[in-house]
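The values are calculated or read from the model by the stated rules, or taken from the named source; none is laboratory data. Predicted model only: the values in this text are computed from it and were never measured. Cβ: placed from backbone, ideal geometry, glycine included. Neighbour counts: every protein chain shown.
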């Protein structure tokens, strides 16, 4: 497996694009994205577990219940959530995309992201859809990635090439998310395409597994969005023998999907609203995978730990505290904690007790753009990692006037 360029259009048979249609006031920001496959695709997705769900999720679930789709149509700047006409407008977006692309509206994955509770204007979308469809290209991933951004500071793309059955299979995607991220499924929005031939039930299984190990391990602020959607389309254009059982080919595909998900997850975490650094908590020596994941997420979600990391303060007590209230069955008298970054590594806690360390070295380690929080539980063989960011003054500034 190797990482490649191309994002959501790295896979054969997919085109994409994005443009400014007018939902956003800022004409410099594209706000409408489209992804299209020239062939029929197996489709699989997971969604937010928030009881308040955006209308596009309800419509997408309905559309892909047959396990098929051919396009993604997404706007930014308005979430189309908690609106009386939300479902009607989400369905209309599918009709608009279907007409522009010449496909069945039921083969469209529809999504929206932005402000909740504001009525979504369809006129800009209707006016721009055909031009967008006509502009789709095999190198349009970046334009699509830019069009789904809200408070993101940069577009997020990733892709890999994996050999499956002697064929080069490509898996690539785009994602958006900067704030309101504490997923219980995936991230705010992520769309991945692949030219792998794979049966839909196995695609769904791989999507759920990838979400659990990557996107579900991301937290920026503890808020689970209403519009979280992680959707994958597989069109089979690579020509590999279709994956119909959990064999070596399935394992290779699942690893590739997880690799794309992990790269996008780290981008999302590092680009958290107001963030100055990416935080990665690596937990090892857990008695179970669930324990490892629970501990890693608890540390990465701790506001006090995040604030300490912002200040480059090696306050390891915050880490131990977060482990203690995580709910995981652990022995606090066995826990080791260290901080690491390109500037070095510093051990700060051994067997649940503090150890002497250089505050000067610790400050250097914690001042880097990416910091690892290393936790050893010494209770088993399982491990996991979670992704987050520091908590800064700018987070409050951004969310203090988000609607304006």
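Tell me yes or no: at least one residue of the range 216-224 is on the phi > 0 side of the Ramachandran plot, touching a strand residue (DSSP E or B) at 6+ places or on another chain (Cβ under 8 Å) and assigned to a loop (DSSP other than H, G, I, E, B). Outline the logic, then answer.
Residues of the range 216-224 on the phi > 0 side of the Ramachandran plot: 222.
Now drop any that are not touching a strand residue (DSSP E or B) at 6+ places or on another chain (Cβ under 8 Å), which leaves none.
No, there is no match, as no residue in the range 216-224 is on the phi > 0 side of the Ramachandran plot, touching a strand residue (DSSP E or B) at 6+ places or on another chain (Cβ under 8 Å) and assigned to a loop (DSSP other than H, G, I, E, B).
When the strands (runs of 3 or more DSSP E) confined to the range 120-199 are screened for residues that are surrounded by fewer than 22 Cβ atoms within 10 Å (Cβ to Cβ), those reaching at least 1 such residues are found at 156-164, 167-176.
Conditions (1) within 17 Å of residue 148 (Cβ to Cβ); (2) buried (at least 24 other Cβ atoms within 10 Å of the Cβ), marked per residue:
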residue	(1), (2)
5	no, no
13	no, no
24	yes, no
39	no, no
54	yes, yes
60	yes, yes
71	yes, yes
75	yes, yes
79	yes, yes
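The set of residues from the range 276-290 being in a strand (DSSP E or B) and under 16 Å from residue 387 (Cα atoms) comprises 278, 279, 280, 281, 282, 283, 284.
Okay, residues lined up against (1) within 15 Å of residue 282 (Cβ to Cβ); (2) loosely packed, with under 13 Cβ neighbours inside 10 Å; (3) touching a residue at least 40 places away in the same chain (Cβ under 8 Å):
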{"site": "337", "(1), (2), (3)": "yes, no, no"}
{"site": "344", "(1), (2), (3)": "no, no, no"}
{"site": "366", "(1), (2), (3)": "no, no, yes"}
{"site": "369", "(1), (2), (3)": "no, yes, yes"}
{"site": "391", "(1), (2), (3)": "no, no, yes"}
{"site": "401", "(1), (2), (3)": "no, yes, no"}
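Report the residue count in the range 238-264 for those that are assigned to a loop (DSSP other than H, G, I, E, B), surrounded by fewer than 21 Cβ atoms within 10 Å (Cβ to Cβ) and either outside the structural domain of residue 154 (by TED's automatic domain parsing) or touching a residue at least 60 places away in the same chain (Cβ under 8 Å) (or both).
Step one: list which residues in the range 238-264 are assigned to a loop (DSSP other than H, G, I, E, B), which gives 238-242, 244-247.
Narrowing the set further to residues that are surrounded by fewer than 21 Cβ atoms within 10 Å (Cβ to Cβ) leaves 239, 241-242, 244-247.
Subset that is either outside the structural domain of residue 154 (by TED's automatic domain parsing) or touching a residue at least 60 places away in the same chain (Cβ under 8 Å) (or both): 239, 241.
Residues in the range 238-264 being assigned to a loop (DSSP other than H, G, I, E, B), surrounded by fewer than 21 Cβ atoms within 10 Å (Cβ to Cβ) and either outside the structural domain of residue 154 (by TED's automatic domain parsing) or touching a residue at least 60 places away in the same chain (Cβ under 8 Å) (or both): 2 in total.
Among all residues of the range 211-224, there is at least one that is farther than 21 Å from residue 4 by Cβ, crowded, with 24+ Cβ neighbours inside 10 Å and at pLDDT below 90. Could you please find all residues in the range 104-117 being over 17 Å from residue 33 (Cα atoms) and at pLDDT 95 or above? Within the range 104-117, 104, 106 meet the criteria.
With respect to (1) buried (at least 21 other Cβ atoms within 10 Å of the Cβ); (2) without any contact (Cβ under 8 Å) to a residue 24 or more places away in the chain, the lone exception for residue 324 is condition (1). Only one entry of 79, 97, 106, 128 meets the criterion of being in contact (Cβ under 8 Å) with a residue 24 or more places away in the chain and in contact with a helix residue (DSSP H, G or I) (Cβ under 6 Å, 6 or more places away or on another chain), and that entry is 106. Residue 395 falls short on exactly one of the conditions (1) crowded, with 20+ Cβ neighbours inside 10 Å; (2) outside any helix (DSSP H, G or I), and that condition is (2). In the condition set (1) more than 15 Å from the chain's Cα centre (by Cα); (2) more than 30 Å from residue 80 (Cβ to Cβ), residue 259 is compliant with all but (1).
The residues listed here are 117, 177; of these, the one that is without any contact (Cβ under 8 Å) to a residue 40 or more places away in the chain and at positive phi is 117.
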